[in-house]
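The values are calculated or read from the model by the stated rules, or taken from the named source; none is laboratory data. Quantities reported herein were computed from a predicted structural model and do not represent experimental measurements. Here the Cβ is made from the backbone with ideal geometry for all residues, glycine too, and neighbour counts use every protein chain on show.
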Amino acid sequence: MPVRRLNHAVLYVRDAEITAHFYEEVLGFERLPMGFPGAVFMRAPGSTNDHDLGLFSIGQQAGASGAGRETVGLYHLAWEVDTLVELGEVAGKLRRARALVGASDHGTTKSLYAKDPDGIEFEVAWVVPAELLDDTALAARASIGHLDLDREMQRYGAETLGGVGVSRP
């Protein structure tokens with residue numbers, strides 16, 4: 001039986017309350033009434049999951065993750081938005097929170113990269129619908145380009161619903 005999708009992620013953070021507030025403010029996650037001391041469970045807007053994100057406090061003494069620099073570990077999580085307008089709104093919120101660290105065009109996805117209060121990186125992406133993929137978008141998958149959100153809104157339509165998961169021609 002094949003795995004279909006990621007159901008939720010759990011992160012160890014210095015302070016689950018501070019990190020939960022960040023995800024509420026910048027991505028619109030809602031805090032759920034379940035949990036226990038030092039843990040916060042959250043759901044993404046429109047999700048039907050029991051929870052999409054679990055945050056476990058481990059204390060202010062916790063060091064930064066060395067994943068990708070000196071240890072193996074998770075690089076980032078990627079969350080999807082429905083439209084390029086929504087991606088633009090998230091970009092504004094991430095800038096105001098001083099969390100935005102990059103924006104990339106992967107051809108089939110248009111992505112923002114940010115870091116939460118603990119420096120854990122995440123991606124917010126809009127996926128090009130399969131019916132709009134062309135040779136240019138598919139060829140761009142071989143490299144990472146600069147994201148010009150205004151250009152992509154003109155190309156695909158600001159309110160066009162993105163693909164779900166991986167778009168395939």
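For region 40-62, the criterion of being without any contact (Cβ under 8 Å) to a residue 60 or more places away in the chain, surrounded by 12 or more Cβ atoms within 10 Å (Cβ to Cβ), out of contact with any Asp or Glu (no Cβ under 6 Å at 6 or more places or on another chain) and within 14 Å of residue 115 (Cα to Cα) is met by none of the residues.
A quick yes/no check of all residues on (1) touching a helix residue (DSSP H, G or I) at 6+ places or on another chain (Cβ under 6 Å); (2) surrounded by fewer than 16 Cβ atoms within 10 Å (Cβ to Cβ); (3) basic (Lys, Arg):
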{"site": "66", "(1), (2), (3)": "no, yes, no"}
{"site": "74", "(1), (2), (3)": "no, yes, no"}
{"site": "83", "(1), (2), (3)": "no, no, no"}
{"site": "99", "(1), (2), (3)": "no, no, no"}
{"site": "102", "(1), (2), (3)": "no, yes, no"}
{"site": "107", "(1), (2), (3)": "yes, no, no"}
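Can we say residue 71 is over 28 Å from residue 160 (Cα atoms), in contact with an Asp or Glu (Cβ under 7 Å, 6 or more places away or on another chain) and either modelled with pLDDT under 95 or not assigned by TED's automatic domain parsing to the domain that holds residue 145 (or both)? No, not satisfied.
Considering region 1-27 alone, what residues qualify as being of a type outside the set (Ser, Thr, Tyr) and crowded, with 17+ Cβ neighbours inside 10 Å?
Initially, region 1-27 is screened for residues of a type outside the set (Ser, Thr, Tyr), giving 1-11, 13-18, 20-22, 24-27.
Listed by number, the residues that qualify are 11, 13, 14, 15, 16, 20, 22, 26, 27.
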